[in-house]
Amino acid sequence: MAKVKSVFFCQNCGAESAKWMGKCPQCGEWNTLVEEIIKETKHSRTPTKRGVGHSDNKPIALPNIEISSIARIPTGFKEIDRVLGGGIVPGALMLLGGDPGIGKSTLLLQVSHKVAIGVGDVLYASGEESQLQLKLRAERLDINSERLHVIADTDLDHILEEALEQKPALMIIDSIQTMYTGDIEGAPGSVSQVRECTSRLLRFCKEQNIPTIIIGHVTKEGNIAGPRMLEHMVDVVLYFEGERSYQFRILRSIKNRFGSTSETGIFAMVEEGLTELANPSASLLAERSDEESGSAVMIYLEGVRPILVEVQSLVTSTAFGMPRRTAIGYDLNRLIVLLAVLEKRCGFTLGNKDVYVNVIGGLKVNEPACDLSMAVAIVSSLKNRVVPNDMIILGEVGLTGNVRSIPRIEQRISEAKKLGFTKFIIPEGNVKQLKKTDDTIQIRGVTSIAQAMQLVFN
């Protein structure tokens, strides 16, 4: 007989507790423990006899395992294929997370259209929108493929039955928090339902060799909602990020069993949906002015991809006793450290100034290699001096005012040369690492932030 017991699960991190508590002991969130009824059944630990539920799967010596080439499924988007490592692997279970309204459903609907045209039937199962709502979204995106089948249902068992009958080339689940199975008592979105539904989808993908992409909601901290093991169960974890008020979107790979996690894809949200940006640097620098102080250009790595972006700074006299420091797209604590280094090592008076910095395009830059360019932009605004429009400044600034080496310097310089930049100020350590020189560009190495300021403004 199955035993029924009551267990409390945290809706934020999935921690299990035997009794209710106001604060989750695992993640520290308040009022997130919800009661769920689960049934316990006794499972025999006796090995299964041959002939009764017997599996022919036996251990094989590693050298005897044959490697066959996997035919990946192209998504129709080069940016997505690069992030996935060349395309969708048959039988893979992928998880896509992102903030509400960022464009997850739009992206997957466009991917479904491309796969339906080029590969085969696609089953799009939505538990959040009706078939009419999906039709309206498809018309807005100019999608009208007969091989794209849409089902609006939250019963996962019924969806898997339809998928088993149809045998699609790709299946989309939007979203996993809306799905439920009748074998588990609990509301859709509960920890037990999310865990069981994901487990069934994983078994279905591996047995039927049908790749599936599931959409997952995120918490206010930016993590995918539900139990943490959700990310461990799937093969690929993707995050779709970006500011809703800006057009740029970034697709990151957090986990990928079939490729690298260093690749990123960049998109732009337009009226017709999401479009790929083959050259995001040119788009980010398209409206840059050449005769304004407080502006500099830096190159930061989005994964392993160098991207040129403009940083702006505004330095004004404060009207209050405590000066303000505001950073948009840049780490505020790192900005405060830079201001202290500029005042101590370079002699600039910033204790009575309000400092505002902004990274153009809504991007978030956390790479230390961008320190020197941000410092140059601040001094440019402070002294009302214009930085040369064909100059790139790169380097990590230490507390002693020294400029440290940064990774992948040749890739950064090569990307900047394509857009017409000819002057580079980089750390002295990186100058020694350059394997070949180009007479069309000028590269100067610096060892301190004071030396960099002299080269830029003299």
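What follows draws every value from the coordinates through simple rules; no lab data is involved. This structure is a prediction, so every number in the text was calculated from the model and none was measured. Quick reminder, even Gly has a Cβ in these numbers, built from the backbone with ideal geometry, and neighbours come from all protein chains shown.
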Taking the chain and a Cβ-Cβ threshold of 4.7 Å, the cysteines left without a partner are Cys197, Cys205, Cys346, Cys370
Add -39500 (n - 2.57) for each DSSP H run of 4 or more in the chain, then divide by its residues: what number comes out at 222 nm, to the nearest 500 deg cm²/dmol?
-> -8000 deg cm²/dmol
Scan around Ile392 for amide H atoms under 5 Å from its own, H built in the peptide plane at 1.01 Å from N, and keep only partners 5 or more places away or cross-chain.
-> Lys423, Phe424, Ile425
Quick one: what does P(r) look like for region 283-371 with 10 Å bins over all Cα pairs, in whole %?
-> 15, 46, 31, 7, 0
Virtual paramagnetic centre 7 Å along Cα→Cβ of Arg324, amide N under 12 Å, in region 349-385 = 354-357
For Met453, the net charge from surrounding residues (Cβ-Cβ under 12 Å; K, R +1; D, E -1) works out to +3
Rg/Rh for region 282-457: what does it come to with C-alpha atoms and Rh from Kirkwood?
-> 0.94
Using a ≥ b ≥ c from the Cα gyration tensor of region 72-278 (square roots of the eigenvalues), is it rounded, prolate or oblate, where a/c under 1.5 gives rounded and otherwise the larger of a/b and b/c decides, a/b for prolate?
-> rounded
Note down the nm distance, to one decimal, between modelled labels 7 Å out along Cα→Cβ at Lys364 and at Lys383.
-> 3.4
Using alpha carbons only, how many degrees (0 to 90, rounded to 10) separate the axis of helix 104-118 from the longest principal axis of the chain?
-> 70
Relative contact order for the chain using alpha-carbon pairs under 8 Å, separation at least 6, rounded to a whole percent?
-> 12
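Step through the table entries Lys114/Lys167; Lys78/Lys104; Lys104/Lys206, compare each Cα-Cα distance with 19 Å, and write down the pairs that go over it.
Violating the 19 Å Cα-Cα cut-off are Lys104/Lys206.
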Mind running the shape call on the chain? Use the C-alpha gyration tensor, a ≥ b ≥ c as the square roots of the eigenvalues: rounded below 1.5 for a/c, prolate if a/b tops b/c, oblate otherwise.
-> prolate
Taking only Cα atoms, what is the 0 to 90° angle, nearest 10, from helix 156-166's long axis to the longest principal axis of the chain?
-> 90
Given the chain, longest segment not containing exposed loop chymotrypsin sites (Phe, Trp or Tyr not before Pro) (DSSP; at most 14 other Cβ within 10 Å) | 21-245
